[in-house]
Amino acid sequence: MRKKIIHLDQLGGKISRRAMLGGAATAAVAIVQTASGKTIQEGVSVAELISDDPTKKIGTLAGEIGTRSAFEKVVKKPSDISSRSPLQDFYGIITPSDLHFERHHAGVPLIDPAKHELLIHGLVDKPLIFTLAELKRFPSVSRIAFLECSGNFRTGKETMSPQEICGLTSQSEWTGVKLSTLFREVGVKPNASWFLAEGSDAAVLTRSIPIKKGWDDAIIAYAQNGEALRPEQGYPVRLFLPGWEGNTSVKWLRRLELSDQPFMTREETSKYTEPIKGGKFRQFSFDMDARSIITFPSYPKKIEKGYIEIRGIAWSGRGKVAQVEVSTDAGKTWHSATLQDPILDKAHTAFRYLWQWNGDETEILSRVTDETGYRQPTFKQLTDARGGGTLGYHFNPITAWQISPDGNVLFKPETWQAYR
C-alpha cells in the first residue's frame, strides 16, 4: 500500500475529507503529519481525534517508531552543556532513553559505527584494536544501574522541581562486554594500576581510572534499554562504571591506555575536584554518595487534604539502598518508607510512604541509608565537613518541600540547615 505524506501546516490546519469506505479494499491511504511528527489518517479531522467514544472513530495507522500521547508533555530542560531528566514525571526506576540526562563538554559527535575502533594499549602483553562488530562477538552482560553527574545539585529559589534540583541522574539497563573480558584478551601487565579512558568528542575527554574498577564491574557498553546507545549517551560505544561519577563513564570511547600511575588530566585536576577543610582539595572521589529525593508531592504540584502517597527515589554508588526514612513534620520525627522491588546494587530504588495530611503547614523530606551504613547528610553537615560553605561536586543533601495550607508545594533551600 502506498502512503502519501501531507503536512498539516501546509493545509492551514484543515484536513480534506475522503470517505474511508471499503476497508481493506481502499487502494491508498493519505497520511497527514503534524509539526510534532504525529500522523493522522486523511478523512479524520483533528477535532475528531479527541472523541468521547474512540471506538467510533478510525485511529492512526501503525508507524515505524512509537510516540508518546500528545497529552503527555514530558521533556528535559536543556542548557548549552546539559539537560536534566524530569524525575517528578517518572513512574518507575527505568528512565526512557530519550529522557536520560545529558552532559557534554564539546557537543555530541556524529560517529560512523563501521569506522569506529577501540584501542587498548600501554602496559599490556598484546595491544589490540577492536571494532564494534568484534566487541559484540564477546559474551555480553546487562545490568540496571544509575548514572549521575557529580555536579548534580542546584539551589537558590523556592520554585525548583526535582528535575531542576538533581535531574542529572538517570537509570537504564546497560548492555555490553565486561572490561575484564577485554583485559584478559590483551593481557594486563602486573604493574598496571590505572588506565586512561579517552573519548572521541571534540573535547577529547579523558579520565584516569583505577584498574581495580576495570576488573570489577566496568562495562564497555554498546546498548541501552534494549537498543543501541543514543548518540547523546555515547554511540557507538562508551565506558560505563556503575556507581561512579558520570564523568568517568567516558562516552564515544576510542582508547584505553594502561599505566602504573594516574594521568592527571584536566578533568581530574582543574575540574571534578572539591574543596575540603584546610585549604585542600579532594581528588579522585569516584563513588557517588547515597541520596534520596521526594518526587511527589513536589513543586509545581498542588495537593488536597486527605491521604497522600509520598513517592520518591533513593540510590547509592556504594551498593544497595538499605532504608529510606520520611519526615512529615519538618524533621522532628522519622518513619520508615516502603521500598519497591527490585532493590538493586548501585541503582535507583523507588520508595513510598502513605501520609494523611490535615491541611496544616509543614515540611516533608526524606533521607536514605545504604548498605554500608552511610546516611544521607544535611546541608549543614556537608558544608561543615567541606568548610567555607562551598557548593561544589558530590553534594547530596537532604531535600525538603514546604507544604502550605492551600496545598502548594515549594522547595525551601534555606531550611536544609535545620535538619539534624
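The values are calculated or read from the model by the stated rules, or taken from the named source; none is laboratory data. Owing to the predicted nature of the structure, the values given are computational and were not obtained by experimental measurement. With ideal geometry, Cβ positions are generated from the backbone for all residues, glycine too; neighbour counts draw on all protein chains shown. We work out accessible area using only protein heavy atoms, side chains counted, and drop any ligands, DNA or RNA first. Shrake-Rupley method; radii C 1.70, N 1.55, O 1.52, S 1.80 Å.
So here's what we get for this one:
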item	result
Within segment 306-370, trypsin sites (Lys or Arg not before Pro) in DSSP loop having at most 13 other beta-carbon neighbours inside 10 Å	LYS332
Estimated dipole of the chain in Debye, rounded to 20 [Cβ of Lys and Arg +1, of Asp and Glu -1, Cα centre]	520 debye
Charge sum, other residues only, whose C-beta stays under 11 Å from GLU227's C-beta, Lys/Arg counted +1 and Asp/Glu -1	-1
Per-q log10 I(q)/I(0), segment 309-414, q = 0.13 Å⁻¹ (Debye; single scatterer per alpha-carbon; no solvent)	-0.52
With at most 10 neighbouring Cβ atoms within 10 Å, loop GluC sites (Glu not before Pro) (DSSP) excluded, longest segment of the chain	73-303
Kirkwood Rh and Cα Rg combined as Rg over Rh, evaluated for the chain	1.04
Listed residue (ILE144, PHE130, GLY246) projecting farthest to the positive dipole end of the chain, Cβ model	PHE130
Per residue, in Å², the accessible surface of segment 63-150 once ligands and nucleic acids are set aside, probe 1.4 Å	59 Å²
